[in-house]
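**Student:** The structure follows.
The values are calculated or read from the model by the stated rules, or taken from the named source; none is laboratory data. Bear in mind the structure is a predicted one, so any value in this text is a computation, not a measurement. Please note: Cβ atoms are built from the backbone with ideal geometry, for glycine as well, and neighbour counts cover all protein chains shown.
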Amino acid sequence: MSRSLDAIYTIWLREMLRFIKSKSRIVGSGGQPLVWLAIVGVGLGTAFGLHIGSSSISYLTFVSPGLIGMTILFSSMFAGVSVIWDRQFGFLKEILVAPVSRLSIVLGKIAGSSTIAVMTALLILVIVAAIGVIPLSMLSVAGILEAIVFMFLASMTFVSIGLIIAALINNIESFQVLMNFFVMPLFFLSSALFPITGNVPAWLFDLAHIDPLFYSIDGMRASLIHFSTYPIYVDGAASVAFTIVFIAIATALFKRIEGK
Amino acid sequence: MQNTNAIELKALRKEFKVNGGKFVAVDGISFTVKEGEIFGLLGPNGAGKTTTISMLTTILSKTSGSVKICGFDVVREKEKVRELIGIIFQDPSLDDELTARENLDFHARLYGVKEDKKSIIEDVLRLVELEEYADRQVKTFSGGMKRRLEIARGFIHHPKVLFLDEPTIGLDPQTRRKIWSYITRLNKEKNLSIILTTHYMEEADELCDRIAIIDHGKIIKMGTPEGLKSSFGGDVIRIGTKEKKELHTLLKKVSGIKNIKESETGIEISGNDGSRLMPIIAKAANKNKLEIDYMTVKRPTLEDVFIGLTGRDIRDESASSKDVLRAFTRGRHR
Ligand SMILES: Nc1ncnc2c1ncn2[C@@H]1O[C@H](COP(=O)(O)OP(=O)(O)OP(=O)(O)O)[C@@H](O)[C@H]1O
Ligand SMILES: [Mg+2]
């Protein structure tokens, strides 16, 4: 047991060290959503009108949790898939031959990557709160803590999905294609940019429900801006279920991954 | 753990699927490595050495056969096997973004090395003379420095069975000798069992207690380096003389000579222990007033045995595209 915790910590530590050394990743992962907020948020805000539906929520406020979700989606997915690079550079063999359980390898990778994703997400939350995009009056300690739980669940899910993709494909070209066909729909179906309620066509509404990010963002909206499609416990239950299922699949595939 | 062999493989086989068909990379290999033995695996490119080692070290599944490391099955008791082994991979396996020390620290932690972790890391860094570079990112290292770091890493936890896949590739002669002496020391002091692949015949000769020569996935010869060499026909003595006929007749009576033939400049004989035969020949010639201009003795090297058994052009023939690709990526990363 303590051996497994050591292994998880070791792999977590490596993720941290690599992140700290890579300046471009630090700037990129924090900067991208802010650029989106400035351009897409303001631009679409004008198109949608100032308020969402009949509520008093402005579009910028509405879109902020969505962009936090986007950050987590991109950053986590990328981190999970980075195992392909580990394989390319041979480091994966060093990990696979070590006397540690495959579950702890997966959990270590998830722990490291989601720490980074959630830290970035929190940074964005601080910024949008500081510039008043999410009014301070809406925020509470409990709400923020709930949002952090959703951030972690989302990140764990998407790192796992990234690991699954890495285990199934082994070249970088097909990974590019997959990312475009897979990540963008996940993002657009998540309600990050527009509300997905009874107003959208039924097929879109249904499809959104198999997107894990939909529940994460809905949950963050429930806890941060008190505007959501579902009550928080529904989002929470769905998120937990997705997380467990994807971690299990990632671990099962990792047991079969070969170091050659 | 008395009486268990370090490594025991029976009829080990590996097939790869290639373009719809199958390719047999390892074709029913069996051998045992005793505890404390250094066992060499020699063979041309593409012979199946790395594939064999990958299966022995649990990172590649086998098609059939059985493998036991210290009595534990590599499939059913993976975790236990992983505890007991250490490996230095043929291909690069470092995290280039991390520093040398961080790479070693990662390894030590994964293998649960806690006591004296710091001092062990210092020791292995000193062994490969990288102390000064310990805190530099590995991507700034030369190829040989990276290789030394990988070797250092293999020695951090104390494995019972060590796998070395072309460990000294790309190292300068001094460093190579240092690594050799460290390997033999570990083997003597800690009774470490070692399995080693190499293309350097002096390395195999110097280090290995026993050697298996493999080609096309099969073992074609196995034995001690001495045994392999003498099975190859013993020493060759070349004698320069103008009196070929007479000497030939004379030598037929000398015992210990296996084979005599006349050459352009004299006579060529083969026999075991050539350095002992030479004075006997000299004495006999002297007694019969036959003049000898010169005598040379050549011991067959392991390389002669290797080339004799595997053929000269096999190397090019089977350097598959994967090998080429590997050579290419290796060149790029290092
Ligand atoms: N993943 C794979 N898929 C298909 N064929 C493979 C695979 N891995 C190895 N092979 C083939 O199996 C054979 C044995 O390869 P292996 O790497 O074991 O050779 P080797 O003896 O280690 O050679 P070298 O001296 O070049 O390291 C080669 O012909 C190689 O092309
Ligand atoms: Mg090899």
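**Student:** Within region B:133-143, which residues are of a type in the set (S, T, N, Q) and within 14 Å of chain A (Cβ to nearest Cβ)?
**Tutor:** Within region B:133-143, B:137, B:140 meet the criteria.
Conditions (1) assigned to a helix (DSSP H, G or I); (2) within 14 Å of another protein chain (Cβ to nearest Cβ); (3) touching a strand residue (DSSP E or B) at 6+ places or on another chain (Cβ under 6 Å), marked per residue:
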{"residue": "A:27", "(1), (2), (3)": "yes, no, no"}
{"residue": "A:42", "(1), (2), (3)": "yes, no, no"}
{"residue": "A:55", "(1), (2), (3)": "no, no, no"}
{"residue": "A:65", "(1), (2), (3)": "yes, no, no"}
{"residue": "A:71", "(1), (2), (3)": "yes, no, no"}
{"residue": "A:74", "(1), (2), (3)": "yes, no, no"}
{"residue": "A:86", "(1), (2), (3)": "yes, yes, no"}
{"residue": "A:93", "(1), (2), (3)": "yes, yes, no"}
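**Student:** Condition (residue is farther than 30 Å from residue B:143 by Cβ and either away from every other protein chain (no Cβ under 13 Å) or under 23 Å from the mean Cα position of the chain (by Cα) (or both)) applied to region B:37-58: is it met by at least one residue?
**Tutor:** Scanning region B:37-58 turns up at least one residue that is farther than 30 Å from residue B:143 by Cβ and either away from every other protein chain (no Cβ under 13 Å) or under 23 Å from the mean Cα position of the chain (by Cα) (or both).
**Student:** Also, I was wondering about something else. For the condition among the acidic types (Asp, Glu), within 16 Å of ligand 1 (Cβ to nearest atom) and away from chain A (no Cβ under 14 Å), what is the one hit in B:215, B:235, B:205, B:209? Show your work before the answer.
**Tutor:** Numbers: B:235 fails: within 16 Å of ligand 1 (Cβ to nearest atom); B:205 fails: within 16 Å of ligand 1 (Cβ to nearest atom); B:209 fails: within 16 Å of ligand 1 (Cβ to nearest atom).
Being among the acidic types (Asp, Glu), within 16 Å of ligand 1 (Cβ to nearest atom) and away from chain A (no Cβ under 14 Å) holds for just one of B:215, B:235, B:205, B:209, which is B:215.
**Student:** Restricting attention to region B:48-62, report how many residues are in contact with an Asp or Glu (Cβ under 7 Å, 6 or more places away or on another chain), part of a loop (DSSP other than H, G, I, E, B) and near ligand 1 (Cβ under 10 Å from one of its atoms).
**Tutor:** Within region B:48-62, residues that are in contact with an Asp or Glu (Cβ under 7 Å, 6 or more places away or on another chain), part of a loop (DSSP other than H, G, I, E, B) and near ligand 1 (Cβ under 10 Å from one of its atoms) number 1.
**Student:** Name the residue, out of B:68, B:22, B:62, B:117, that is more than 16 Å from ligand 2 (Cβ to nearest atom), within 26 Å of residue A:6 (Cβ to Cβ) and not hydrophobic (A, V, I, L, M, F, W, C).
**Tutor:** Criteria check complete, one pass: B:117.
**Student:** Right, here's the next one. Please list, ordered by first then second residue, the pairs with beta carbon atoms under 6 Å, 6 or more apart or interchain, first in region A:242-260 and at the interface with chain B (Cβ under 9 Å from one of its Cβ atoms) and among the charged types (D, E, K, R), second within 16 Å of ligand 2 (Cβ to nearest atom) and part of a helix (DSSP H, G or I).
**Tutor:** Sorted first by the residue in region A:242-260, then by its partner, the pairs are A:260/B:54.
**Student:** Follow-up question, since we're still on this one. Tell me, please, whether a residue that is within 10 Å of chain A (Cβ to nearest Cβ), touching a Gly at 6+ places or on another chain (Cβ under 9 Å) and either under 27 Å from residue B:217 (Cβ atoms) or surrounded by fewer than 19 Cβ atoms within 10 Å (Cβ to Cβ) (or both) can be found in region B:64-78.
**Tutor:** No.
**Student:** Within region B:214-233, can one find any residue that is in contact with a helix residue (DSSP H, G or I) (Cβ under 7 Å, 6 or more places away or on another chain) and within 16 Å of ligand 2 (Cβ to nearest atom)?
**Tutor:** yes
**Student:** To continue, here is another question. What's the number of the condition residue A:56 fails, among (1) over 18 Å from the mean Cα position of the chain (by Cα); (2) farther than 19 Å from residue A:226 by Cα?
**Tutor:** (2)
**Student:** Going through B:43, B:112, B:143, B:65 one at a time, which residue ends up being modelled with pLDDT under 95 and within 16 Å of ligand 1 (Cβ to nearest atom)?
**Tutor:** B:43
**Student:** Residue check: is residue A:221 of a type in the set (Lys, Arg) and either closer than 23 Å to residue A:137 by Cα or free of Cβ contacts under 8 Å to residues at least 40 places away in the same chain (or both)? First the steps, then the outcome.
**Tutor:** Working: of a type in the set (Lys, Arg): yes; either closer than 23 Å to residue A:137 by Cα or free of Cβ contacts under 8 Å to residues at least 40 places away in the same chain (or both): yes.
Considered against the rule, which asks whether it is of a type in the set (Lys, Arg) and either closer than 23 Å to residue A:137 by Cα or free of Cβ contacts under 8 Å to residues at least 40 places away in the same chain (or both), residue A:221 comes out as yes.
**Student:** Would you mind stating whether residue A:198 is outside any helix (DSSP H, G or I) and either loosely packed, with under 15 Cβ neighbours inside 10 Å or modelled with pLDDT of 90 or more (or both)?
**Tutor:** It is true that residue A:198 is outside any helix (DSSP H, G or I) and either loosely packed, with under 15 Cβ neighbours inside 10 Å or modelled with pLDDT of 90 or more (or both).
**Student:** Sticking with this one: Of these, B:91, B:135, which one is surrounded by fewer than 18 Cβ atoms within 10 Å (Cβ to Cβ), in contact (Cβ under 8 Å) with a residue 60 or more places away in the chain and either more than 27 Å from the chain's Cα centre (by Cα) or within 16 Å of ligand 1 (Cβ to nearest atom) (or both)?
**Tutor:** After ruling out the rest, the residue left standing is B:91.
**Student:** Can you name the number of the only condition in (1) β-branched (Val, Ile, Thr); (2) closer than 29 Å to residue B:44 by Cα; (3) crowded, with 20+ Cβ neighbours inside 10 Å that residue B:175 fails?
**Tutor:** Failing condition for residue B:175: (3).
**Student:** Since residue B:189 meets every condition but one in (1) out of contact with any strand residue (DSSP E or B) (no Cβ under 8 Å at 6 or more places or on another chain); (2) within 16 Å of ligand 1 (Cβ to nearest atom), which condition does it not meet?
**Tutor:** Tallying (1) out of contact with any strand residue (DSSP E or B) (no Cβ under 8 Å at 6 or more places or on another chain); (2) within 16 Å of ligand 1 (Cβ to nearest atom), residue B:189 fails exactly one: (2).
**Student:** Would you please list the contacts, defined by Cβ atoms under 8 Å and residues six or more apart or on different chains, that run from a residue in region A:60-79 that is farther than 11 Å from residue A:151 by Cβ to a residue that is acidic (Asp, Glu)?
**Tutor:** Listed by first residue and then by second, the contacts come to A:79/A:15.
**Student:** Does residue B:95 count as out of contact with any His (no Cβ under 8 Å at 6 or more places or on another chain), within 12 Å of ligand 2 (Cβ to nearest atom) and either not assigned by TED's automatic domain parsing to the domain that holds residue B:206 or not in a strand (DSSP E or B) (or both)?
**Tutor:** Answer is no for this residue.
**Student:** Within region B:94-132, work out how many residues are closer than 26 Å to residue B:198 by Cα and either more than 9 Å from chain A (Cβ to nearest Cβ) or buried (at least 20 other Cβ atoms within 10 Å of the Cβ) (or both).
**Tutor:** The number of residues fulfilling the criteria is 14.
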